Amino acid sequence: FEKFMIINDANSSERHTAIDLQVVKRISDNWQFLAAYTATKNDAVVGHPLNRAAEYNPNAEINTGDQSTQKTWRVSGFYRLPRGVAVSANFNSESGAPQSRQVLLRGGAQIPTFVINTDPLGTLKLPTTNYIDLRIDKSFELVGSQRVAVRVNSFNLLNANTVQTWNQRAGPTYLYPTLILRPRLMEFGVQ
């Protein structure tokens with residue numbers, strides 16, 4: 001005795017406008033380079049992907065509209081040194097996600113607890129994440145056409161500890177970090 005139907009609610013529509021710029025220098029003279037910038041302007045009244053027509057709930061529209069702009073910078077380069085040594089690096093910068101302070105409401109008969117945003121989405125923003133990865137490798141010629149390459153990768157070279165998620169719910173642990181960027185990792189390999 002259920003009938004499923006699509007509800008064309010204007011408040012459920014989203015619009016995302018993006019611009020992507022890139023500068024590329026292909027490999028020549030032993031080096032290459034890439035720089036890229038992406039910006040996406042969000043215009044969504046209902047910001048959470050679960051709050052759609054399939055679960056139509058007018059409370060889901062309270063302070064959930066995403067009007068943020070996400071920005072990403074990427075720069076990478078490669079240089080081939082003499083004697084089979086190569087160095088490459090990547091720099092990444094991503095703006096933090098928009099967020100809002102939340103409260104947990106209790107006491108309802110049919111819905112005993114309910115989490116709601118107290119401020120518009122975007123009042124809080126996670127910090128911008130910046131990190132650098134570096135690779136150095138050297139190849140050696142063996143007998144005949146055989147080669148061996150030794151490589152060292154360093155992820156998060158500067159050991160940034162940017163907050164990736166935190167507790168948004170009001171209370172004694174409000175804005176306590178729950179996840180930070182992984183620490184510097186070193187990887188050694190032979191191929």
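The values are calculated or read from the model by the stated rules, or taken from the named source; none is laboratory data. Remember, it's a predicted structure, so these values are computed and weren't measured experimentally. Positions of Cβ are backbone-derived with ideal geometry, glycine not excepted, and every protein chain shown enters the neighbour counts. Just so you know, the surface numbers come from the protein's heavy atoms only, side chains and all, with ligands and any DNA or RNA stripped out. Shrake-Rupley method; radii C 1.70, N 1.55, O 1.52, S 1.80 Å.
Run a plain Debye calculation on the chain (Cα atoms as equal point scatterers, no solvent) and give log10 I(q)/I(0) at q = 0.09, 0.18 Å⁻¹, rounded to two decimals, same order as the q list.
At q = 0.09, 0.18 Å⁻¹ the computed log10 ratios are -0.56, -1.25.
To the nearest 20 Debye, how big is the dipole of the stretch 121-189 about its Cα centre, given +1 on the beta carbon of each Lys and Arg and -1 on that of each Asp and Glu?
Dipole about the Cα centre, nearest 20: 160 debye.
Could you check which residue among A149, A160, A39 shows the biggest mean-square fluctuation in a GNM of the chain with a 10 Å Cα cutoff?
Top of the fluctuation ranking is A149.
Among I136, V115, N159, whose Cα projects farthest towards the positive end of the dipole of the chain, with charges put on the beta-carbon of Lys, Arg (+1) and Asp, Glu (-1)?
I136
Residues of the chain: accessible area per residue at 1.4 Å, in Å²?
Result: 70 Å² per residue.
Using 0.36 nm per residue, how much length does the chain from R74 to V152 gain when fully extended, once their Cα-Cα distance is taken away?
26.0 nm
What figure, in Å² to the nearest 10, do you get for the accessible area of D137 with a 1.4 Å probe and non-protein molecules left out?
Roughly 40 Å² of D137 is accessible to a 1.4 Å probe.
Suppose we keep just the alpha-carbon trace of the stretch 90-191; what are its Rg and Dmax in angstrom?
When restricted to Cα atoms, the stretch 90-191 yields Rg and Dmax of 22.7, 80 Å.
Compute a Gaussian network model of the chain, connecting alpha carbons closer than 10 Å, and tell me which residue from I132, I111, I27 fluctuates the most.
So, out of I132, I111, I27, the one fluctuating most is I111.
Do you know the Lys pair count in the chain for C-alpha distances under 26 Å, with sequence separation 8 or more or different chains?
Pairs that pass both the separation and distance tests number 5.
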